[in-house]
1. Ranking request for peptides 5-12, 74-81: highest mean number of other beta-carbon atoms within 10 Å first, then the rest in descending order.
2. Given a cut-off of under 8 Å on Cα pairs at least six residues apart, what relative contact order in percent is computed for the chain?
3. With a ≥ b ≥ c the root eigenvalues of the C-alpha gyration tensor of the chain, is it rounded (a/c under 1.5), prolate (a/b larger than b/c) or oblate?
4. Separation of segment 86-101 and segment 1-56 by C-alpha centroid, Å?
5. For the pair residue 71 and residue 18, how long in nm is the line joining their label points, each one 7 Å along Cα→Cβ?
6. Can you pull the one-decimal nm distance between simple spin-label points at residue 42 and residue 118, each 7 Å off the Cα toward Cβ?
7. By how many nm would the segment from residue 94 to residue 59 lengthen if fully extended, with 0.36 nm per residue of separation less the alpha-carbon distance?
8. Report the full-extension gain for the segment residue 83 to residue 6: residue separation times 0.36 nm, less the Cα-Cα distance, to one decimal in nm.
């Protein structure tokens, strides 16, 4: 059981944004079993198809995104302000940024590739 000294108090304004090529910037915090990220994505950006063991919840605060799910990308979902997507583990997905967008994303367990900066598919210049 955690005690009161185990709590993390995150001051987002004190965390630096990490620029991820031309498509987005992010900052995140994590605990033992959960990660939360603030992400700003720029219109015209594209996150290539990928999948991960982590469950993902994407909450769109403003803007619009097109998600394509499945190996062939045939399951298309357009999400906008006030929408959320719950993405199960290992579901292939890609994202096209239709307009400048702000999201909060949750991952369980935390994305080790983000923590280690080994998420090459996000770091490539388009």
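Values in this text are rule-based calculations from the coordinates and carry no lab data. Everything quoted here is computed from the prediction, not taken from an experiment. Here the Cβ is made from the backbone with ideal geometry for all residues, glycine too, and neighbour counts use every protein chain on show.
1. In decreasing order of mean packing, 5-12, 74-81 become 74-81, 5-12.
2. Reported relative contact order: 31 percent.
3. prolate
4. If you average the Cα positions of each part, the centres end up 15 Å apart.
5. So the two model labels end up 3.1 nm from each other.
6. 2.8 nm
7. Stretched fully, the residue 94-residue 59 segment lengthens by 11.0 nm.
8. In short, 24.5 nm is gained.
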